[in-house]
């Protein structure tokens with residue numbers, strides 16, 4: 001990188017702003033206007049307009065990335081005037097740079113600068129979503145372990161626990177058994193269904209299991225039949241709650257196997 005581009009990178013880094021107490025990075029449009037190759041605000045505003053249209057076309061909410069504001073600027077003789085400006089996320093800056101002339105070194109560099117960091121941020125967000133999914137999975141493991149221990153003391157063996165859990169799955173997935181859901185998702189017999197479920201479904205299974213744990217203890221339920229009936233009702237209740245919001249668990253797409261996905265995503269982030 002030559003000295004001029006190093007200077008541009010340093011300048012863009014210095015112009016970055018942050019929302020207090022939030023992990024949100026942004027730039028003021030007027031601050032980076034010249035760095036992105038625009039001498040006149042009117043031309044830059046036009047480029048921002050094109051970037052907003054591009055943002056809409058990709059399915060993002062433009063208000064999350066382009067926030068119109070007004071601010072006061074100081075004039076030459078000490079007076080002040082109100083001007084229009086924008087608060088821009090890194091992704092917004094990237095879209096604006098995409099509308100510039102890549103033959104200009106400053107524009108070409110800006111495209112690379114914002115694109116690489118935008119991709120890294122996307123990977124970090126993916127990692128955060130994965131972490132939430134993994135934490136939900138761990139909570140389900142714990143609640144199922146508690147249920148297994150709880151019902152063992154009430155005359156239900158490991159095979160009975162498996163049948164109870166399977167009946168709960170059938171109730172949650174609208175009649176589709178654990179085996180049927182594995183076949184639908186293409187999961188081998190030896191792998192747990194929950195390792196391929198989206199966070200929402202994992203959380204739904206956990207809620208139903210926690211309800212069963214609570215009610216088994218409160219009502220002092222005994223034996224496989226009564227506990228299975230309780231677990232079925234709880235899964236049906238959770239399914240009904242999801243249904244009120246238009247969600248059918250059996251129709252949600254599977255996700256990557258949690259056993260493999262965590263390490264792969266961490267490697268991608270480290271490469272950036």
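The values are calculated or read from the model by the stated rules, or taken from the named source; none is laboratory data. Values in this document were obtained by computation on a predicted structure and should not be read as measured data. Positions of Cβ are backbone-derived with ideal geometry, glycine not excepted, and every protein chain shown enters the neighbour counts.
Before moving on, here are some points about what is shown:
- Residue match in the stretch 80-97 (condition: under 22 Å from residue 12 (Cα atoms), surrounded by fewer than 17 Cβ atoms within 10 Å (Cβ to Cβ) and modelled with pLDDT under 70): no
- Among residues of the stretch 167-179 being modelled with pLDDT of 95 or more and assigned to a helix (DSSP H, G or I), the one that is nearest to residue 259 (Cα to Cα) is 169.
- For the stretch 217-264, the set of residues classified as assigned to a helix (DSSP H, G or I), within 19 Å of residue 166 (Cβ to Cβ) and touching a helix residue (DSSP H, G or I) at 6+ places or on another chain (Cβ under 6 Å) consists of 224, 227, 228, 230, 231, 232, 234, 235, 236, 238, 239, 249, listed by residue number.
- Test: residue in the stretch 192-215 that is closer than 24 Å to residue 260 by Cβ, in contact with a helix residue (DSSP H, G or I) (Cβ under 8 Å, 6 or more places away or on another chain) and in a loop (DSSP other than H, G, I, E, B): yes
- Complete set of residues in the stretch 154-169 that are farther than 9 Å from residue 228 by Cα, within 33 Å of the chain's Cα centre (by Cα) and crowded, with 20+ Cβ neighbours inside 10 Å: 169
- Only one of the numbered conditions (1) surrounded by 13 or more Cβ atoms within 10 Å (Cβ to Cβ); (2) within 18 Å of residue 174 (Cβ to Cβ) is violated by residue 224, and that is (2).
- With respect to (1) without any contact (Cβ under 8 Å) to a residue 24 or more places away in the chain; (2) on the phi < 0 side of the Ramachandran plot, the lone exception for residue 181 is condition (1).
- Those residues of the stretch 208-221 which are surrounded by fewer than 20 Cβ atoms within 10 Å (Cβ to Cβ) and closer than 18 Å to residue 173 by Cβ, in sequence order: 211
- Any hit, the stretch 55-72, residues being within 25 Å of residue 14 (Cβ to Cβ), modelled with pLDDT of 85 or more and touching a helix residue (DSSP H, G or I) at 6+ places or on another chain (Cβ under 7 Å): yes
- The residues of the stretch 141-158 that are without any contact (Cβ under 8 Å) to a residue 60 or more places away in the chain and touching a helix residue (DSSP H, G or I) at 6+ places or on another chain (Cβ under 9 Å), listed by number, are 141, 142, 148, 152, 157, 158.
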